[in-house]
Amino acid sequence: MKNLQLILTNPCTQQWSDIEQPDGKHHCSKCKKNIVDLTSKSDTELADFFKHKSDHVCGRLLASQMNRDLILPPAKIGWQWLMPLALAALAISPAQAQKTKPAVVRTEGQHKDTNETTPSSASLPTIQITIKGTVVDQTSGKALAGVKVRRMGEEDILAITGSLGRFELNLADHDKLSKFIFNLPGYTPIETYLDDNIVIKLIAEKRIMLGGISTISLNRSPLYLISAGNKSCTIEASKIGELSPDWIEKIEILKDASATAMYGAKGANGVILIEIKKAYRKKIRFSK
């Protein structure tokens, strides 16, 4: 049996999600064809698929399915018929369905092992890839630190951006078929496929303020007012203890309407009027 390979010569930049139709099919407007998803096909299924195709095919393939010998069961028939077959393929990049001009399926040499069994798609070689990217604020372009990266539908955090907004993921090739979610408190989460050196732009959540802003005092202490002749000043409740009882001529308490009528909002919790004896007036430093 001949060695067979799928060779991708010219990938396209069509997004797989962008070409999906309401009926679930995927149609490429550039090549005017429906795209065949071949990512789950085994080597034998791939060979059988192209055996029955006489014209160009637009297909979606994993990188691990390309540029290597296909592992096929022993057969007596020759594969020379595959020589002229052309394949227009979508090679999987981070979420991109990529089409090609003819990616030739070629044959070369005899197969070395005629006793190999047909592998499933799960037994195909796994290629490890590294995806790097940056997360920024969409408006300011400022790098965002602390952004958590998870695979859609999973709770495990795969990466967290650093002070420069950068992240790095080590993935298997087939993981690029998955969507990933980026989340940071105060920003709207974003779901996307990944490309290497991708820049993710998060949008800050809008905050709505209802009504005006006012300052509410939680202080329930009354207003303390010291007077001596025609001079007066206020004193903090914590400093009342500094006044000697010998200095005080009399104390008067105002509350409710009478307090607010004379001293406004400051007297809402009541007013305590402290009159100082004439002999001790010089003990008080009245503000001018």
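We did not get these values from a lab; they are worked out from the coordinates using the rules stated. Remember, it's a predicted structure, so these values are computed and weren't measured experimentally. We place every Cβ from the backbone using ideal geometry, glycine too, and count neighbours over all the protein chains shown.
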Under 14 Å, Cβ to Cβ, from K277 - net charge with Lys/Arg +1 and Asp/Glu -1: +3
Compactness relative to 2.2 N^0.38 Å, alpha carbon Rg of region 128-204: 1.01
Two-site label geometry, N183 and R220: point separation in nm, points 7 Å out along Cα→Cβ: 4.2 nm
Square roots of 5 times each gyration tensor eigenvalue, C-alpha, region 223-283, largest first, Å: 21, 12, 9
